[in-house]
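Everything on this sheet refers to the single structure shown next.
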Amino acid sequence: MEQAAHLVPLNWYLFLSTFLFCIGVMGVLFRRNAIIILMCIELMLNSVNLLLVAFSAYSGNSDGQVFVFFIMVVAAAEVAVGLALLISIYRNIGSTDIDVLNKLKW
Amino acid sequence: MSQLLFFTLSAMTILSALVVVFTRKPMYSVLSLIVCFFTIAGHYILLNAQFLAITHVIVYAGAIMVLFLFTVMLLNLNADSDVPKSGKLRIAATITAGMLFITLLASIKSTTLGEFAFPPASDKGLVQHVGQQLFTDYLLPFEISSILFLSAMIGAVVLAKKEKH
Amino acid sequence: MTFLGLMIPLLPLMGFLVNGLLGKYLPKGSTGWIGSLSVLASFICVLMIFKDLGAAQAIQIDVFNWISFGNIDISFGLWIDSLTMVMLMVVTGVGFLIHLYSIGYMHGDEGFTRFFTYLNLFIFFMLLLVMGSNYLMMFIGWEGVGLCSYLLIGFWFKNEAYNDAAQKAFVMNRIGDLGFLLGMFFILFHFGTLDIQAVEGLAPGLSADSTLLIGITLLLFVGAIGKSAQLPLYTWLPDAMAGPTPVSALIHAATMVTAGIYMIVRSNVLFAMAPTTLTVILWIGVATSVFAAVIGLKQNDIKKVLAYSTVSQLGLMFAALGLGAFSSGVFHLVTHAFFKALLFLGAGSVIHALHGEQDIRNMGGLKKLIPVTYLTFILAALAISGFPLLSGFFSKDEILAHAFEQNKLVWIILFISSLLTAFYMFRLVFLTFFNSFRGTEETKHHIHESPWTMTLPLIILCVLSVIGGLIGLPYVFNVSHLLGTYLSAVTEPSASLIHHGEKLSHSLEIGLMTLAGLAAIGMILYARRKYITLKAIPEADSAITGIPKLIYHKFYVDEIYESWIVKPVFKMSEWFGTFFDKQVVDRVVNATAGVMESGGKTLRLFQTGNTGFYVFAMVIGMVVLFIIRLLI
């Protein structure tokens, strides 16, 4: 298993990560429910994490993994605050549909 | 052998991701995202990043997704509350995402990856190594992330508190 | 000596800054002393350099390299040689005396500090003008003194007529400046440099009297016409008498108006290479000299007589330059500075004593009442008339001798002009100081001699006017011409190019001098007979008829300019204001605004407020950026 990495070329990880990212983007554009959108954002973050770890393993540099660690930290904090915001919006408006939130204009 | 593992895990990741995006029931979305995270943890183990794999499971699948579940149950979301976007917008969304994918692929194609040593050092993902890096080179961000959590906690509590009338 | 050289213009500049910025916090009256002492300090620096600098030496101070593009380098530089020293001594020396005088004259005026601020600024610019090492530096000084002249003529700005006079001076100067500027452009284009010494060195290389040289020198001379009030751009000088008398003395007698002459002497090689221009200068100078003298015969304002006298004497100086006698022109410039400044300051003393009266028909009998003013004034009048052995006698005669050598007709006309000068100057003296007082009893009661700050400069200038001729004694007296030899390093290069006439013999020259001296005395006696013995008084304005009326109204030149030039320009500007501005310019501006507005309306459609749309736009933007990154 120690040599598992070199049998799987790095390119494949690149494609996988890109595909996951694009699925996340499509999810953000596709759905109207704010919670699902937040989850798709998490998906995007994770695709990036995957790519970073892949590069880190292939170059023997553990900086990538430390970076992933910090991305996780930020993602956690962001989800906490984001969901809190969502709940407070739900209390005021009564739905989580983002099309209802259209006041951000002059 | 490892290639087989890779393909299986990738297939499960992509499948669960698609379910997250396309299913109409929010609960199924959340659950399939959890499956997605587990498969990604499997990828991490394949890449010998053991510390990260465990952390990933604990933090994401254990904490973040639980938060999502709680919120979904709190807001009592079900299939009726999910109104889909109009057909034109969906087509536009698909096309945009597709364009992004193609552009990214083209970018990847036009770059050349550097040479990587075979076999890669396999002990870089172990806890000792990552821990060493965290506590020597990256000490400052490590400490600051605790302050970040503190502010996030305070923010979340303040925002989600019920207002007293 | 470089330090001293830099201090010379810096000291008046510092005086200007102190008076200008801190003037209102300083005690009243001290600003006058600050202004005067800064000029005095500058004068002392000049003297210290004079002690050490030989006649053929020069100092070049390049403060910094100002403009350089391509092959052209113009530095902010100063150049001090013998000609500069002469000008510096006149400017700072006479300038200091006039500053001192102003302390007494402007006492009690509410703009006292402002006056000295402007005066110091003027001295600074004038010093830049005479010390500039290239034409651009000279032009800075040229423009600067024009500005200060405007500020000082319109000093009592609450009076509309004075403001008009100041504007007239400035505009006419500007017309001349355009010529100067064009001349400078041509010099830069053809010689590749504006450095005066370099141009003087390159000029002999061109063919003499070529169209290029004639063009350049004529354009430079146009600048001199404007600045030094020659025909046809002289009408601003009599009107400039609206300013306070020290201003008239400093700017319009001793320094600014001599800038044109300095410029031509400084570029003597350039002008000597274009004899056609020299002929033009000669005839314009001659014509101006006699024209102004004729007008001066009939003027009744004490300052206007002196103004026309200045124009006439400047014409004489330009005639000298036209004859190629550059050092003679400078000699007359120096002596004229002495006695004309003295005449103006004396007139100011008279006006001060009579509390603002300027019409000589209301004066008279002041001889015993203001003796110091009278004595200095009459000595200055004798000097300007060419009374034997005073300074004006020697300087005028030198010019007349050169004229006799080259062109007898010129000599005749200049001789007539000198006769007229003697006559109208003494008409002025006799009407002002002799017989009995013709004004009101009230005014007579208040007549008193001026304070020491005003009379001391008068006395000093009087001494200089009397002995000033010593620097230019003619060689027929078997002494060396001090000024000529001192300036020879500057005038020598052109001397060989000038076509001098046959040199006069000793006896002929002495004969001419005697003739001029006797003629001057004769005119003085004639004026005495008319105004003292026969007690003639000029008529009131309404009673003048015939040719005297034509002369009194200055040959209606101002009115001609008004109808031929000023009115059409006003009409054109009116047309521009009503038609062009409203129909064309306004439409363009409004259309631009309209385009912006509709553009804004279109862009506003992007702000729908819909969060989903914003995310969509973000992703599209990202895709576009990636594509651009790929393609470039």
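The values are calculated or read from the model by the stated rules, or taken from the named source; none is laboratory data. Quick caveat, the model's predicted, so the values are computed rather than measured. Backbone-built Cβ (ideal geometry, glycine too); neighbour counts: all protein chains shown. Accessible surface is based on the protein model in full, side chains and every heavy atom, while ligands, DNA and RNA are left aside. Shrake-Rupley method; radii C 1.70, N 1.55, O 1.52, S 1.80 Å.
Just name the residue that is farthest from the chain's Cα centre (by Cα) out of those in the range C:378-401 that are of a type in the set (A, V, I, L, M, F, W, C) and not in a helix (DSSP H, G or I).
Quick first cut of the range C:378-401, residues of a type in the set (A, V, I, L, M, F, W, C) only: C:378-384, C:387, C:389-390, C:393-394, C:399-401.
If we keep only those that are not in a helix (DSSP H, G or I) as well, we get C:387, C:389-390.
On the way: C:Phe387: 26, C:Leu389: 27, C:Leu390: 24 Å.
This residue is C:Leu389.
Among the listed residues A:Ile71, A:Ile37, A:Ile93, which satisfies the condition of being touching a residue at least 60 places away in the same chain (Cβ under 8 Å) and either away from chain C (no Cβ under 12 Å) or not acidic (Asp, Glu) (or both)? Before you say what the answer is, go through the steps one by one.
Working: A:Ile71 fails: touching a residue at least 60 places away in the same chain (Cβ under 8 Å); A:Ile93 fails: touching a residue at least 60 places away in the same chain (Cβ under 8 Å).
Answer to the check: A:Ile37.
Kindly evaluate C:Val615 against the criterion of being in a helix (DSSP H, G or I), in contact with a Leu (Cβ under 9 Å, 6 or more places away or on another chain), surrounded by 11 or more Cβ atoms within 10 Å (Cβ to Cβ) and among the aliphatic types (A, V, I, L, M). Even if it seems obvious, please write down each step before you answer.
Values: in a helix (DSSP H, G or I): yes; in contact with a Leu (Cβ under 9 Å, 6 or more places away or on another chain): yes; surrounded by 11 or more Cβ atoms within 10 Å (Cβ to Cβ): yes; among the aliphatic types (A, V, I, L, M): yes.
So C:Val615 fits the description; yes.
Which of (1) modelled with pLDDT of 90 or more; (2) assigned to a loop (DSSP other than H, G, I, E, B); (3) open to solvent by 10 Å² or more (accessible area, probe 1.4 Å) is the odd one out, the single condition C:Phe155 does not satisfy?
(3)
Identify, by number, the condition in (1) at pLDDT below 85; (2) open to solvent by less than 70 Å² (accessible area, probe 1.4 Å); (3) polar (S, T, N, Q) that C:Ser36 doesn't meet.
(1)
Starting from residues that are open to solvent by less than 60 Å² (accessible area, probe 1.4 Å) and part of a helix (DSSP H, G or I), keep the ones in the range C:599-612 and report whichever is farthest from the other protein chains (Cβ to nearest Cβ).
From the range C:599-612, those open to solvent by less than 60 Å² (accessible area, probe 1.4 Å) are C:599-600, C:608-612; that's our starting set.
Remaining after also requiring part of a helix (DSSP H, G or I): C:599-600, C:611-612.
Details: C:Gly599: 16, C:Gly600: 11, C:Thr611: 5, C:Gly612: 6 Å.
Per the stated criteria, the residue is C:Gly599.
Just to be sure before I move on: is A:Val68 open to solvent by less than 10 Å² (accessible area, probe 1.4 Å), within 13 Å of the chain's Cα centre (by Cα), among the β-branched types (Val, Ile, Thr) and more than 24 Å from B:Val130 (Cα to Cα) in the structure I sent? It would help to see each step written out before you state the result.
Numbers: open to solvent by less than 10 Å² (accessible area, probe 1.4 Å): yes; within 13 Å of the chain's Cα centre (by Cα): yes; among the β-branched types (Val, Ile, Thr): yes; more than 24 Å from B:Val130 (Cα to Cα): no.
Against the criterion (open to solvent by less than 10 Å² (accessible area, probe 1.4 Å), within 13 Å of the chain's Cα centre (by Cα), among the β-branched types (Val, Ile, Thr) and more than 24 Å from B:Val130 (Cα to Cα)), A:Val68 does not qualify.
Counting just the residues of the range B:30-46 that are open to solvent by 10 Å² or more (accessible area, probe 1.4 Å), in contact (Cβ under 8 Å) with a residue 12 or more places away in the chain and of a type in the set (A, V, I, L, M, F, W, C), which one comes out nearest to the other protein chains (Cβ to nearest Cβ)?
B:Leu46
Starting from the range A:47-62, keep only residues that are more than 22 Å from A:Met26 (Cα to Cα) and surrounded by fewer than 22 Cβ atoms within 10 Å (Cβ to Cβ), then list their pairs with residues that are modelled with pLDDT of 85 or more and among the polar types (S, T, N, Q) whose Cβ atoms are within a distance under 7 Å, requiring at least 6 positions of separation or different chains.
Close Cβ pairs (under 7 Å, with a partner that is modelled with pLDDT of 85 or more and among the polar types (S, T, N, Q)) do not exist here.
Looking at the structure I just gave you, is C:Ser488 among the small types (Gly, Ala, Ser) and modelled with pLDDT of 80 or more?
Numbers: among the small types (Gly, Ala, Ser): yes; modelled with pLDDT of 80 or more: no.
Considered against the rule, which asks whether it is among the small types (Gly, Ala, Ser) and modelled with pLDDT of 80 or more, C:Ser488 comes out as no.
Is it the case that some residue within the range C:208-216 is aliphatic (A, V, I, L, M), outside any helix (DSSP H, G or I) and open to solvent by less than 30 Å² (accessible area, probe 1.4 Å)?
To start, the set of residues in the range C:208-216 that are aliphatic (A, V, I, L, M) comprises C:208, C:212-214, C:216.
From the residues that got through so far, the ones that are outside any helix (DSSP H, G or I) too are C:208.
Now restrict to residues that are open to solvent by less than 30 Å² (accessible area, probe 1.4 Å): none.
No, the range C:208-216 has no match at all.
Among the residues that make up the range B:121-141, is at least one of them more than 10 Å from chain A (Cβ to nearest Cβ) and at pLDDT below 85?
Yes, the range B:121-141 contains a residue that is more than 10 Å from chain A (Cβ to nearest Cβ) and at pLDDT below 85.
Out of all the residues in the range A:21-29, is one or more over 16 Å from the mean Cα position of the chain (by Cα), assigned to a helix (DSSP H, G or I) and within 14 Å of chain C (Cβ to nearest Cβ)?
The answer is no, given that none of the residues of the range A:21-29 is over 16 Å from the mean Cα position of the chain (by Cα), assigned to a helix (DSSP H, G or I) and within 14 Å of chain C (Cβ to nearest Cβ).
Residue by residue, here is whether (1) modelled with pLDDT of 85 or more; (2) crowded, with 17+ Cβ neighbours inside 10 Å; (3) under 25 Å from the mean Cα position of the chain (by Cα) holds:
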residue: C:Phe3; (1), (2), (3): yes, no, no
residue: C:Phe16; (1), (2), (3): yes, yes, yes
residue: C:Tyr25; (1), (2), (3): yes, no, no
residue: C:Leu40; (1), (2), (3): yes, yes, yes
residue: C:Met48; (1), (2), (3): yes, no, no
residue: C:Lys51; (1), (2), (3): yes, no, no
residue: C:Gly54; (1), (2), (3): no, no, no
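Which members of the range B:1-29 meet the condition of being at the interface with chain A (Cβ under 7 Å from one of its Cβ atoms) and in contact (Cβ under 8 Å) with a residue 40 or more places away in the chain? Give the steps one after another, and end with the answer.
Of all residues in the range B:1-29, those at the interface with chain A (Cβ under 7 Å from one of its Cβ atoms) come to B:2-3, B:6, B:10, B:13-14, B:17-18, B:20-21, B:26, B:29.
Scanning the range B:1-29 gives B:Ser2, B:Phe6, B:Pro26.
In this structure, is C:Lys571 within 14 Å of chain A (Cβ to nearest Cβ), without any contact (Cβ under 8 Å) to a residue 40 or more places away in the chain, farther than 30 Å from A:Cys22 by Cα and open to solvent by 70 Å² or more (accessible area, probe 1.4 Å)? Lay out the reasoning, then the answer.
Details: within 14 Å of chain A (Cβ to nearest Cβ): no; without any contact (Cβ under 8 Å) to a residue 40 or more places away in the chain: yes; farther than 30 Å from A:Cys22 by Cα: yes; open to solvent by 70 Å² or more (accessible area, probe 1.4 Å): yes.
No, not satisfied.
Out of curiosity, is B:Thr103 more than 9 Å from chain A (Cβ to nearest Cβ), surrounded by fewer than 12 Cβ atoms within 10 Å (Cβ to Cβ) and either at negative phi or at pLDDT below 90 (or both)?
Numbers: more than 9 Å from chain A (Cβ to nearest Cβ): yes; surrounded by fewer than 12 Cβ atoms within 10 Å (Cβ to Cβ): no; either at negative phi or at pLDDT below 90 (or both): yes.
No: the conditions fail for B:Thr103.
Go through the residues of the range C:412-435 one by one and say whether even a single one is closer than 22 Å to C:Leu297 by Cα and at pLDDT below 85.
Going residue by residue through the range C:412-435, those that are closer than 22 Å to C:Leu297 by Cα are C:412-435.
Narrowing further to those that are at pLDDT below 85: C:434-435.
Yes: the range C:412-435 contains one or more residues that are closer than 22 Å to C:Leu297 by Cα and at pLDDT below 85.
Would you please name the residue that is nearest to B:Leu134 (Cα to Cα), looking only at residues in the range A:77-99 that are open to solvent by 20 Å² or more (accessible area, probe 1.4 Å) and among the small types (Gly, Ala, Ser)?
Only one residue fits best here, namely A:Ala80.
Considering only the range B:52-77, how many residues are at pLDDT 90 or above, open to solvent by 10 Å² or more (accessible area, probe 1.4 Å) and facing another protein chain (nearest Cβ under 9 Å)?
Residues meeting the conditions: 5.
Looking at (1) surrounded by 13 or more Cβ atoms within 10 Å (Cβ to Cβ); (2) facing chain A (nearest Cβ under 8 Å), find the lone condition where B:Pro84 falls short.
Here B:Pro84 meets the rest and fails (1).
Do we find that C:Glu357 is at pLDDT below 85 and open to solvent by 10 Å² or more (accessible area, probe 1.4 Å) in this structure? Show your work before the answer.
On the way: at pLDDT below 85: yes; open to solvent by 10 Å² or more (accessible area, probe 1.4 Å): yes.
Judged against the criteria, C:Glu357 is a match.
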